[in-house]
Amino acid sequence: MKKKLSFLERAAAVPHMVWVVMFIVAPLLFVAYFAFTDVGGGFTFSNIQLLSSYSHIFLVSICFSLVATFFCLLIGYPLAFFMSRAKPSTQKLLTVLLMLPMWISLLIRTYSLMTLLDNGGLVNSLLGKLGFDPIAMVGTGGAVILGMIYDFLPYMVLPIYTSMQKLDNRYLEAAADLGCTPLQTMLRVVLPLTVPGIISGVTMVFVPSISTFYISQKLGGGNFDLIGDTIERQFKYPSTYHVGAAISLVMMILILISVAVMNRFSDEKGEMIV
Amino acid sequence: MNNTLIKLRSIEKSFDGERVLCGIDLDIHDKEFVTLLGPSGCGKTTTLRIIGGFENADTGDVFFDGERINELPAHQRQVNTVFQRYALFPHLNVYDNVAFGLRVQKLKEDEIQVRVREMLEMTGLRGFEARRPATLSGGQQQRVAIARALINRPRVLLLDEPLGALDLKLRKDMQNELKRIQRETGITFIYVTHDQEEALSMSDTVVVMANGRIQQIGTPTDIYNEPVNAFVADFIGESNIIDGVMPEDNKARFAGHTFDCVDGGFAKNEAVDIVIRPEDVDVVPVEKGMLSGVVSGVTFKGDYYEIIVDVKGFKWMIETSDYVAPDEKIGLYIEPDAIHVMKKSEYSGKFGDYSTFSDEMDHLSDPDAEVSENEEEAILS
Amino acid sequence: MKTLSRVYMWVIFALLYAPILVLVIFSFNEGGSLSSYTGFSFRWYGELFRDSVALQSLKNSLFLAVSSAALATLIGTFAALGLDRMRNQYLKGTVNSVTNIPMMNPDIVTGVSMMLLFVAVAGILGISDILGRWTMLIAHTTFSLPYVILSVLPKFRQFDPSLREAAMDLGCTPAGAFFKVELPHVLPGVISGFIMGFTLSLDDFVISHFVSSPDFQTLPLYIYNQTAHNVKYSMYALCTLIIVTILALLLLVNFAGGIGDRSKRRKEATK
């Protein structure tokens with residue numbers, strides 16, 4: 001009886017494994033298959049070779065997402081620190097305030113930011129009332145980056161806040177005891193001990209930033225082609241599926257490599273902490 | 001014991017409306033080993049944190065070398081702390097942990113190296129430079145914490161239950177070690193503990209605290225031999241505390257018998273608490289005893305027997321080297337200088353009767369309770 | 001320092017909420033302009049409720065969220081049980097990391113990869129329009145799975161095996177011990193996994209964008225299509241309703257949590 005049950009228990013993961021193979025592994029294999037075949041189904045490198053003409057798109061996307069990630073970190077890190085040192089009751093409220101935007105659809109948030117920055121939007125009409133000329137913001141690279149920062153800031157703050165919360169107050173006291181000013185405490189103790197939070201925050205902002213297409217469509221006004229836009233466009237018509245698959249494959253590999261590199265960095269730090 | 005280094009004057013402190021310290025006055029002298037001793041929640045850790053600058057007193061003043069330092073932040077005080085459970089920086093190895101304070105002072109690396117070497121030598125940590133705190137044993141972490149604090153050559157070292165996390169044997173070794181380091185460096189130590197044995201064996205001065213007040217300040221022998229009230233008598237060592245009266249000087253009447261004693265200065269027939277240590281009672285045949293009672297419990301303790309004797313309903317604890325059988329009727333003999341007379345206090349009648357012996361001991365010697373209390377204080381800050 | 005931190009937090013949160021607030025306010029604007037507020041009106045809400053496509057999308061979204069979350073919870077809970085009992089560490093690690101791929105990968109790659117699978121299968125089977133309700137269900141279940149496992153597996157790990165032994169010692173069969181002792185312990189994880197899957201499914205746009213068809217639209221897809229061209233102001237009303245719903249849910253959860261806290265505190269006080 002017991003043997004039978006434990007066998008059943010161990011077999012419980014089988015449906016999941018089947019599902020995973022069918023709907024996670026197989027689709028990725030199809031991406032690779034499409035990337036290396038032409039419309040007729042024959043093996044080809046031409047899709048990959050074609051990617052060189054998209055290199056500037058990759059470059060622009062990487063730059064935009066790096067800048068957005070940097071600003072998210074710059075704004076989010078102090079925010080996370082202040083939040084973690086607030087009273088417990090305040091912290092609870094602040095966490096809800098931080099998570100509420102994460103629950104609101106990205107489409108709605110991007111769209112609301114666009115309406116605010118639009119030529120006929122509130123910001124420009126306020127400027128007009130103050131006697132300034134309207135500024136065309138939507139359609140600029142700045143607006144796209146602003147959109148990324150606005151949309152993904154909570155994803156930076158939350159993991160950093162979590163690692164700050166775990167940071168024992170005694171470490172801060174020990175640093176002060178050994179002569180650190182608050183700023184020195186920050187640089188010598190808080191920063192190194194929150195590296196894992198920073199890494200996961202950076203990943204959670206960088207990955208969606210580099211693959212977004214809605215933000216660039218709305219706030220870029222169609223002037224900017226990011227990787228996401230390009231992929232999305234390729235999958236509108238079956239004839240360009242193959243190129244789209246190639247771009248997706250390359251982006252995925254790029255992201256996996258950078259995430260792996262960052263995780264190794266965090267593992268080294270993690271080892272120190274464990 | 002020359003000049004006064006730290007002075008606390010009428011310090012009061014509340015957390016969430018709960019009074020933790022109610023008027024602390026304390027002088028600490030240069031090169032002194034002072035222990036703040038008391039049960040959990042007595043305010044000893046809070047007192048230490050106020051001296052360290054991690055907590056501000058609601059009212060009252062802190063003086064350091066004659067200067068008022070109430071508002072001075074922790075990083076500017078000439079005081080270093082060995083934290084409870086050490087608070088070693090997990091991202092730094094032993095060498096970098098110890099060098100931390102000197103690096104903050106921006107000393108030259110070659111000087112830092114010399115001083116770190118010297119400090120690791122003194123604390124017996126040579127060869128551990130590259131290890132991470134998490135890979136060290138409790139005793140080694142303890143040494144790193146001490147080295148990290150002492151390397152800054154503070155005027156005062158604060159130690160918050162530093163041996164609390166170590167096992168018994170290691171505790172004994174570290175007690176000797178700490179005492180040695182204190183003598184060698186000549187730094188004032190302020191040591192917080194709930195372990196009375198630790199306090200008695202290490203300190204020059206013991207400060208007994210309870211309920212946010214100082215109960216008694218004195219040398220270990222004073223505290224043991226001349227406790228001021230029932231709380232101190234009970235907390236320091238074992239004691240039988242009995243209600244009595246003083247009909248005249250050098251006479252004490254309790255347990256239905258009038259004894260000769262060596263205390264005086266009380267009003268005629270004043271009600272008092274009488275303290276008699278278990279080792280000061282001699283077991284004699286019934287006819288030779290001043291008191292007589294029935295043995296209700298015998299526990300073998302190795303070098304002596306601990307017996308509980310029921311004398312007219314009051315249970316005495318007595319330590320004797322001769323075996324007595326349970327239910328045997330015995331006589332008790334008490335020398336005049338074994339009788340210590342104390343004024344009545346708020347603690348009278350609460351301690352010193354061994355009828356509920358085991359529960360009480362469990363409560364007082366429960367280290368977990370102490371830890372959680374200190375954690376609470378840390379969270380509140 | 002205290003004031004600095006307070007001011008900083010206020011400014012950041014104000015900026016975070018400003019666009020959302022403007023959107024909510026202008027959803028009650030009488031006129032059809034974004035630059036000037038001409039008067040309070042429910043006009044756009046009325047228009048929204050006459051929009052049958054929007055209502056159908058809402059229905060689709062709810063159907064999809066419930067069914068995909070249920071399916072993911074079912075498969076995921078069994079998977080967590082199996083993974084917990086699995087002795088082959090290598091296999092366990094592999095299954096875990098493969099499961100987490102949709103969590104690590106950009107959504108667009110997950111969406112595209114599933115689309116290619118469906119299209120290829122359709123090509124082999126000779127079906128012309130495979131995308132729709134069922135492909136959506138498969139996709140949403142797939143990306144919810146890692147989150148379900150993530151919330152259930154730790155519960156199995158934390159379960160003290162001696163409790164199971166104690167139950168059997170007291171006369172339970174192994175199966176009885178599982179259902180009477182272990183399952184109740186794991187249940188909170190299962191429930192939070194379901195809620196997670198439900199919200200992820202409601203919120204998803206990118207993956208749905210690639211595996212849906214025009215005749216099975218969810219709310220995010222509807223919003224996307226509406227905002228792609230000239231803006232209809234009823235969109236503001238729709239967004240406001242969604243925001244209010246989320247806010248209400250969050251407050252409810254927190255208010256309920258508050259009640260729990262209070263009763264717990266009272267219990268501690270009476271101790």
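Quick grid of which residues meet (1) of a type in the set (Gly, Ala, Ser); (2) out of contact with any Gly (no Cβ under 6 Å at 6 or more places or on another chain):
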| residue | (1), (2) |
| --- | --- |
| B:Asn3 | no, yes |
| B:Ile6 | no, yes |
| B:Ile11 | no, no |
| B:Phe15 | no, yes |
| B:Ile24 | no, yes |
| B:Ile28 | no, yes |
| B:Leu37 | no, yes |
| B:Gly41 | yes, yes |
(request) State yes or no: is C:Leu153 aliphatic (A, V, I, L, M), more than 9 Å from chain A (Cβ to nearest Cβ), buried (at least 16 other Cβ atoms within 10 Å of the Cβ) and touching a Ser or Thr at 6+ places or on another chain (Cβ under 9 Å)? (result) no
(request) Please specify each residue of segment C:211-243 satisfying the condition of being in contact (Cβ under 8 Å) with a residue 40 or more places away in the chain, of a type in the set (Val, Ile, Thr) and not in a loop (DSSP other than H, G, I, E, B). (result) C:Val211, C:Thr240, C:Ile243
(request) Give A:Ile57, A:Ile62, A:Ile48 a once-over and let me know the one that is over 14 Å from A:Val144 (Cα atoms), under 25 Å from the mean Cα position of the chain (by Cα) and not small (Gly, Ala, Ser). (result) A:Ile57
(request) Return the residue satisfying two criteria in turn: it lies in segment A:221-264 and is aromatic (Phe, Trp, Tyr) and either surrounded by 14 or more Cβ atoms within 10 Å (Cβ to Cβ) or touching a strand residue (DSSP E or B) at 6+ places or on another chain (Cβ under 9 Å) (or both), and of such residues it is farthest from the other protein chains (Cβ to nearest Cβ). (result) A:Phe224
(request) Take segment B:32-69 and flag every residue that is more than 14 Å from chain A (Cβ to nearest Cβ) and of a type in the set (S, T, N, Q). (result) B:Thr35, B:Ser40, B:Thr47, B:Thr59
(request) Would you point out the residue of segment A:71-107, among those that are within 18 Å of the chain's Cα centre (by Cα) and not in a helix (DSSP H, G or I), that is surrounded by the most Cβ atoms within 10 Å (Cβ to Cβ)? (result) A:Ser105
(request) Out of C:Phe143, C:Phe118, report the one residue that is at the interface with chain A (Cβ under 9 Å from one of its Cβ atoms), within 30 Å of A:Val250 (Cβ to Cβ), out of contact with any His (no Cβ under 7 Å at 6 or more places or on another chain) and part of a helix (DSSP H, G or I). (result) C:Phe118
(message) Looking at segment B:252-270 only, could you name the residues that are more than 20 Å from B:Trp316 (Cβ to Cβ) and either over 32 Å from the mean Cα position of the chain (by Cα) or loosely packed, with under 15 Cβ neighbours inside 10 Å (or both)?
(response) B:Val262, B:Gly264, B:Gly265, B:Ala267, B:Lys268, B:Asn269, B:Glu270
(message) Being small (Gly, Ala, Ser), under 15 Å from A:Phe64 (Cα atoms) and within 12 Å of another protein chain (Cβ to nearest Cβ) is the requirement here; does A:Gly142 meet it?
(response) no
(message) Looking at A:Thr110, A:Thr194, A:Thr162, A:Thr115 in this structure, which one is surrounded by 21 or more Cβ atoms within 10 Å (Cβ to Cβ) and within 29 Å of B:His75 (Cα to Cα)?
(response) A:Thr194
(request) Return only the number of the condition from (1) surrounded by 13 or more Cβ atoms within 10 Å (Cβ to Cβ); (2) over 20 Å from C:Leu200 (Cα atoms); (3) touching a helix residue (DSSP H, G or I) at 6+ places or on another chain (Cβ under 8 Å) that C:Val53 does not satisfy. (result) (1)
(message) Residues to consider are B:Asp327, B:Asp303, B:Asp282; find the one that is assigned to a strand (DSSP E or B), surrounded by fewer than 19 Cβ atoms within 10 Å (Cβ to Cβ) and among the charged types (D, E, K, R).
(response) B:Asp282
(message) surrounded by fewer than 19 Cβ atoms within 10 Å (Cβ to Cβ), among the aliphatic types (A, V, I, L, M) and over 19 Å from A:Glu173 (Cβ atoms): is that true of B:Leu72 in this structure?
(response) no
(request) Among the residues of segment B:66-87, count how many are among the basic types (Lys, Arg), farther than 17 Å from A:Gln184 by Cα and at pLDDT 90 or above. (result) 1
(message) Please go through segment B:199-248 and give me each residue that is closer than 13 Å to B:Ile339 by Cα and in a loop (DSSP other than H, G, I, E, B), ordered by number.
(response) B:Glu226, B:Pro227, B:Ser239
(message) A:Thr37 - would you say it is of a type in the set (S, T, N, Q), within 23 Å of A:Val207 (Cβ to Cβ) and surrounded by 13 or more Cβ atoms within 10 Å (Cβ to Cβ)?
(response) no
(request) Scan segment A:49-70 and report the pairs whose first residue is surrounded by fewer than 18 Cβ atoms within 10 Å (Cβ to Cβ) and whose second residue is not in a helix (DSSP H, G or I), with Cβ atoms within less than 8 Å and a gap of 6+ or a chain change. (result) A:Val60/A:Phe224; A:Val60/A:Asp225; A:Val60/A:Leu226
(request) Report, by residue number, each residue of segment A:24-43 that is part of a loop (DSSP other than H, G, I, E, B) and without any contact (Cβ under 8 Å) to a residue 12 or more places away in the chain. (result) A:Gly40, A:Gly41, A:Gly42
(request) Within segment B:149-156, identify whether any single residue is closer than 20 Å to B:Gly352 by Cβ and modelled with pLDDT of 90 or more, and answer yes or no. (result) no
(message) C:Phe143 - would you say it is at pLDDT 85 or above and crowded, with 22+ Cβ neighbours inside 10 Å?
(response) yes
(request) Pick out the one residue from B:Ala233, B:Ala210, B:Ala252 that is among the aliphatic types (A, V, I, L, M) and touching a His at 6+ places or on another chain (Cβ under 8 Å). (result) B:Ala233
(message) So in segment A:103-139, with the set limited to residues that are in contact with a Gly (Cβ under 7 Å, 6 or more places away or on another chain) and among the β-branched types (Val, Ile, Thr), which one is nearest to the other protein chains (Cβ to nearest Cβ)?
(response) A:Thr115
(message) So A:Tyr77 ticks every box in (1) facing another protein chain (nearest Cβ under 7 Å); (2) more than 21 Å from C:Val24 (Cβ to Cβ); (3) among the hydroxyl-bearing types (Ser, Thr, Tyr) but one. Which box is left unticked?
(response) (1)
(message) Give me the helices (runs of 4 or more DSSP H) completely within segment C:1-112, filtered to those with at least 1 residues that are more than 13 Å from chain A (Cβ to nearest Cβ), ordered by residue number.
(response) C:43-49, C:52-85, C:89-99
(message) So in segment B:121-146, with the set limited to residues that are within 12 Å of another protein chain (Cβ to nearest Cβ) and touching a residue at least 40 places away in the same chain (Cβ under 8 Å), which one is surrounded by the fewest Cβ atoms within 10 Å (Cβ to Cβ)?
(response) B:Ala134
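The values are calculated or read from the model by the stated rules, or taken from the named source; none is laboratory data. If you're wondering where the values come from, they're calculated on a predicted model, not measured in any experiment. Counting neighbours? That spans all protein chains shown, and the Cβs are built from the backbone with ideal geometry, glycine included.
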